[in-house]
Amino acid sequence: MRTTTWQDYQDRILAVLNHIQQNLDEDLGWRDLARIAHFSPHHFHRIFSGMVGESIGEHIRRIRLERAAYRLLSTHQSVTVIAFDAGFETHESFTRAFRDWFGMAPSSYRRTPSPPQPRQVPTIIHYQPAGVLHGFTPIISGGTKMEVSIVEIPRMRVACMRHTGPGPDCGPVVDSLDKWARRRGLVNNKTVFVGVSYGPINYDACVTVDEKFEPSADDEGVEIQEIGGGEYARVLHEGPLERLGETYAYIIGQWAPHSGRELAHRPCLEFPKNDPSSTPPEDIRMEICVALE
């Protein structure tokens, strides 16, 4: 078992922050950034959010806008050229984003003797013209401190339906799996429903099945796989599913770097303790389990 440290996590995220600063004109895909940090793509975006205080996409967009502000004051480039360099397809979309961030249009910003500072965010990481950050101070995020336990989860054979898109939008797929499983007579007092979260865009809604079960030709979209097996860090999420990101930010971006444990290159598991579709959002309870090496 590899022992990791808080400083190790900081160094790996710092490498990503510097890569972003130095390659703002490139396509900064989160999977490529995960490789630079030597983190699993299943966990990287949550580690980043937990330590930096904003998502990868939000961070890149903000740094590009701050570079645009710098160029407005230090160069004679046209607003249109600066907008395209910042990743915006039109002058209008850039103007809207710039006004939202700095409180005025780019042309007005350029003419103002003492232009305003950007809107404040929970981070001290800003655009560096030299492209080099020598360090950063991780923020404390993820809400209140949560109780984390280490548990052993056995291997489970499951039938799954795939959702592609943000995790909180997986409700229709979860409902479809539930109806399918009940129609096939697979639900009993030993059945376990579990979600498998692969990252920001892929999620499998799963239900446990026995070794003999195989989907039929009519079971379109249903696949069989094995999940679990090994040690997991477990925390109880309580509240709306839209706040799951805060729970993940705590356990992956705060607890894990201080735990001395290395996160495994396996997806996270989500075990609902009640039915999210019929439970008031504030009463939803779900166990989040993060795989450990």
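The values are calculated or read from the model by the stated rules, or taken from the named source; none is laboratory data. On a predicted model such as this, the values are computed, not experimentally measured, just so you know. Note: ideal-geometry Cβ built from the backbone for every residue, glycine included; neighbour counts use all protein chains shown. These area figures cover heavy atoms from the full protein model, side chains too; ligands, DNA and RNA do not enter into them. Shrake-Rupley method; radii C 1.70, N 1.55, O 1.52, S 1.80 Å.
Here are some notes:
- If the condition is being of a type in the set (Gly, Ala, Ser) and surrounded by 13 or more Cβ atoms within 10 Å (Cβ to Cβ), then region 61-77 contributes Ala68, Ala69.
- Every test in (1) under 30 Å from Ile150 (Cβ atoms); (2) over 24 Å from the mean Cα position of the chain (by Cα) is passed by Ser216 save one, and that test is (1).
- Summed over region 202-232, the residues that are modelled with pLDDT under 90 and at positive phi give a count of 1.
- Scanning region 92-130 for residues being outside any helix (DSSP H, G or I) and not hydrophobic (A, V, I, L, M, F, W, C) gives a total of 16.
- Residues that are touching a residue at least 60 places away in the same chain (Cβ under 8 Å), among the aromatic types (Phe, Trp, Tyr), open to solvent by 50 Å² or more (accessible area, probe 1.4 Å) and not in a loop (DSSP other than H, G, I, E, B) do not occur anywhere in region 219-237.
- The one condition from (1) at pLDDT below 90; (2) among the hydrophobic types (A, V, I, L, M, F, W, C); (3) open to solvent by 20 Å² or more (accessible area, probe 1.4 Å) that Val187 does not meet is (1).
- Looking across region 114-130 at every residue that is of a type in the set (A, V, I, L, M) and either open to solvent by 80 Å² or more (accessible area, probe 1.4 Å) or without any contact (Cβ under 8 Å) to a residue 40 or more places away in the chain (or both), the one that is farthest from Met104 (Cα to Cα) is identified as Ala130.
- Note on region 80-124: residues that are of a type outside the set (Val, Ile, Thr), under 30 Å from Ile139 (Cβ atoms) and modelled with pLDDT of 90 or more total 18.
- Criterion applied to Gly185, Gly221 was being touching a strand residue (DSSP E or B) at 6+ places or on another chain (Cβ under 9 Å) and of a type in the set (Gly, Ala, Ser), and the one residue passing it is Gly221.
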